[in-house]
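Comments concern the structure below.
Coordinate-derived values only; no laboratory data. Values in this document were obtained by computation on a predicted structure and should not be read as measured data. When we count neighbours, we look across all protein chains shown, and the Cβ atoms used for this are built from the backbone with ideal geometry, even at glycine.
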Amino acid sequence: MTAIEFNLQLLSLKDGLSHFALSLTANKDDAKDLLQETLLKALVYKDRFAEDTNMRAWSYTIMKNTFINDYRLHSRKKTTFDTTTELNILSQNKETTHILPDSTYAAKEIIRIIGNLDDIFKIPFVLHTEGYKYKEISEKLSVNLGTIKSRIFFARKKLRNALEK
């Protein structure tokens with residue numbers, strides 16, 4: 001299949017993908033973003049498309065997986081939206097509690113220990129706690145995926161050992 005044939009076939013699915021995106025997001029703007037991201041991923045990974053397979057199923061799977069990954073990423077951040085006219089983003093937990101001095105000290109101690117880690121452990125660990133996936137960290141730092149996983153594991157282990165002391 002030539003690139004032009006691939007592009008034409010993909011564009012012929014645009015309306016159906018648009019309806020599917022709207023059914024997933026229930027928001028026109030989010031659906032447009034999801035459609036655009038799906039089409040971009042399909043174009044970027046067109047070399048992975050097997051010519052004798054169903055392009056419709058392939059592109060719908062890309063969209064579904066993109067939606068699920070974005071949902072997981074946003075739910076990890078625990079961000080809520082204010083529904084006032086200004087639509088401010090409020091980054092706060094749903095529960096309001098009083099901060100005890102013990103917890104403030106513990107948080108400062110954890111931050112200090114993380115700061116004392118070697119950069120090869122600290123950087124992947126901090127990126128992971130910020131919500132990045134192993135693969136994203138691997139690509140960002142240009143390091144093998146297995147190496148990233150082991151560095152995050154060892155950072156956790158060093159943090160745990162330091163906190164036990």
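A few comments on the model shown:
- Separation of the residue 70 and residue 54 label points, Cα + 7 Å toward Cβ, nm: 2.4 nm
- Local electrostatic count, residue 148, Cβ distance below 12 Å [Lys/Arg +1, Asp/Glu -1]: +3
- In straight-distance terms, cross-link reach from residue 28 covers every one of the lysines whose alpha-carbon lies under 19 Å from its own, apart from those fewer than eight places away in the same chain; here that gives 14, 64.
- Straight-line cross-link partners of residue 165 among the lysines, defined as a Cα under 17 Å from its Cα and at least 8 positions apart when in the same chain: 108, 157.
- Cut-off 20 Å, label 7 Å out along Cα→Cβ of residue 32, residues of segment 1-26 by amide N: 11-26
- Restricting the GluC sites (Glu not before Pro) of segment 103-144 to loop positions (DSSP other than H, G, I, E, B) with no more than 11 neighbouring Cβ atoms within 10 Å leaves 130.
- Applying 0.36 nm per residue to the separation of residue 8 and residue 23 and subtracting their alpha-carbon distance, the gain on full extension is 3.0 nm.
- Restriction of the chymotrypsin sites (Phe, Trp or Tyr not before Pro) in segment 17-68 to DSSP coil positions whose beta-carbon has at most 13 other beta-carbons within 10 angstrom yields 45.
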